[in-house]
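Data first, discussion second: the structure below is written as structure tokens.
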Amino acid sequence: MSQPFTSPGVFHVIRLTPGADLKKSLLDYAKTNQLSAVGVVSCTGSLKQGNLRFADQKEGSAFDGKWEIVSLTGTFNSESGHFHLSISDSTGKTISGHLLDGCLIHTTAELILVELPQLEFKRTQDSQTGYKELDPVLK
């Protein structure tokens with residue numbers, strides 16, 4: 001386990017409208033508001049197009065049709081983010097994976113985000129995993 005950090009939280013409530021790109025909108029929101037450490041608390045809504053990268057895959061998979069957003073989790077800042085999305089089709093079949101650009105809102109996405117103003121989320125190369133992993137630091 002890495003060193004734990006604490007910070008008071010500031011909650012942001014936003015709604016994305018039809019046609020918005022879910023991932024790009026989150027990163028743009030962080031950039032516009034100069035947010036350096038944000039977590040997704042809740043997301044409810046629907047997509048008209050999905051794009052996910054499944055575990056241990058190099059490329060994403062795109063999905064057309066109407067999808068309910070079952071859950072969205074993630075950590076991000078104004079430069080990058082790491083998000084996982086679960087969506088279900090009209091039969092309730094659920095798929096999950098890494099959120100990629102190209103997940104377009106169908107009717108709405110209602111989000112509650114928590115900003116951690118005393119922290120900054122950096123991503124540094126981890127020799128164990130081979131990926132850039134979350135590295136929170138105090139401001």
Problem - Hits in the stretch 106-118 (condition: buried (at least 20 other Cβ atoms within 10 Å of the Cβ) and in a loop (DSSP other than H, G, I, E, B)) - result: LEU116
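Every residue, every condition in (1) without any contact (Cβ under 8 Å) to a residue 60 or more places away in the chain; (2) closer than 26 Å to GLN3 by Cα; (3) touching a helix residue (DSSP H, G or I) at 6+ places or on another chain (Cβ under 8 Å); (4) not charged (D, E, K, R), yes or no:
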residue	(1), (2), (3), (4)
ARG53	yes, no, no, no
GLN57	yes, no, no, yes
SER61	yes, no, no, yes
TRP67	yes, no, no, yes
THR73	yes, yes, no, yes
HIS84	yes, yes, no, yes
THR94	yes, no, no, yes
PRO117	no, yes, no, yes
PRO136	no, yes, no, yes
Exercise for the section: Among the numbered conditions (1) modelled with pLDDT of 95 or more; (2) out of contact with any Gly (no Cβ under 9 Å at 6 or more places or on another chain); (3) over 21 Å from SER7 (Cα atoms); (4) loosely packed, with under 14 Cβ neighbours inside 10 Å, tell me where TYR131 comes up short. Expected result: (1)
Fill in the blank from the handout: Matching residues in the stretch 119-136 (touching a Lys or Arg at 6+ places or on another chain (Cβ under 6 Å) and outside any strand (DSSP E or B)) number 0
Problem - All positions within the stretch 97-139 that are farther than 15 Å from LYS23 by Cβ and small (Gly, Ala, Ser) - result: SER127, GLY130
Practice task
Please verify whether the stretch 25-42 includes one or more residues that are among the aromatic types (Phe, Trp, Tyr) and modelled with pLDDT under 95.
Solution key: no
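The values are calculated or read from the model by the stated rules, or taken from the named source; none is laboratory data. It should be emphasised that the depicted structure is a prediction, and the values quoted were computed from it without experimental measurement. No Cβ is skipped: glycine too gets one built from the backbone with ideal geometry, and neighbour counts run over all protein chains shown.
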